[in-house]
Amino acid sequence: MKNNAIQRVLTIYYGVLQSAHLLTLLRASFIILQTGEIPFPALSPPGGWLPQAIPFLVGMGVVDAVAIVLALIFVFQTNIRKNYQPIIGIISMTIAMASAVQFAVGTIPSGAWSAHPLAYGLMVVLFAPVIPLYFLLLQSN
């Protein structure tokens, strides 16, 4: 990576964000297995999730886990090993952004976002810095 301070900060932020995302997904998995309820980050719409939505949401979590593993590899290689491999970050962020779009398309019409605007809005705000990092990686590749 060139000595781009913004890119370095965004890369570290991406690693911290995805680490927190992993912990959130692990917590959610535990709650799902114990109670069958879907917790944050997929807070339910009024009336709860339809049974058909549960496999969709679990599948989204699995896809996110793949993106998270790749993100952590990318951040580790970039910042610890000093082995800059933008393609790993690009793949991770492509998966994460595609997953985010699919998550939004699957959850906004349900009313979940309007029922929990703070929680869903927070996710948008937290993941927003990934977009400029994605474009910086594309330019450097």
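The values are calculated or read from the model by the stated rules, or taken from the named source; none is laboratory data. Quick caveat: nothing in here was measured; it's all calculated off a predicted structure. Every residue, glycine as well, gets a Cβ built from its backbone with ideal geometry; the counts of neighbours run over all protein chains shown. Remember, those area values only see protein heavy atoms, side chains included, never the ligands or the DNA or RNA. Shrake-Rupley method; radii C 1.70, N 1.55, O 1.52, S 1.80 Å.
Quick look at the numbers
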{"quantity": "Karplus-derived 3J(HN,Hα), 6.51/-1.76/1.60, for each residue of region 5-19, Hz, glycine and proline x", "calculated": "4, 5, 5, 5, 5, 5, 5, 5, 4, 4, x, 5, 4, 6, 5"}
{"quantity": "The chain, relative contact order in percent, only Cα pairs under 8 angstrom and at least six apart counted", "calculated": "32"}
{"quantity": "Backbone HN-Hα couplings from phi across region 105-118 [Karplus 6.51/-1.76/1.60, Hz, Gly and Pro as x]", "calculated": "4, x, 10, 4, x, 6, x, 5, 5, 6, 6, 9, x, 5"}
{"quantity": "Helix axis angle, 53-79 relative to the chain longest principal axis, alpha carbon, degrees", "calculated": "20"}
{"quantity": "Within the accessible area of the chain (1.4 Å probe), percent carbon and sulfur", "calculated": "73"}
{"quantity": "Efficiency of FRET between Val58 and Leu138 - r from beta-carbon atoms, R0 35 angstrom, step 0.05", "calculated": "0.70"}
{"quantity": "Förster radius 41 Å - calculated FRET efficiency between Val105 and Ile80 (Cβ-Cβ, nearest 0.05)", "calculated": "0.70"}
{"quantity": "Which of Phe127, Phe74, Phe135 is most accessible, then next, and so on - probe 1.4 Å", "calculated": "Phe135, Phe127, Phe74"}
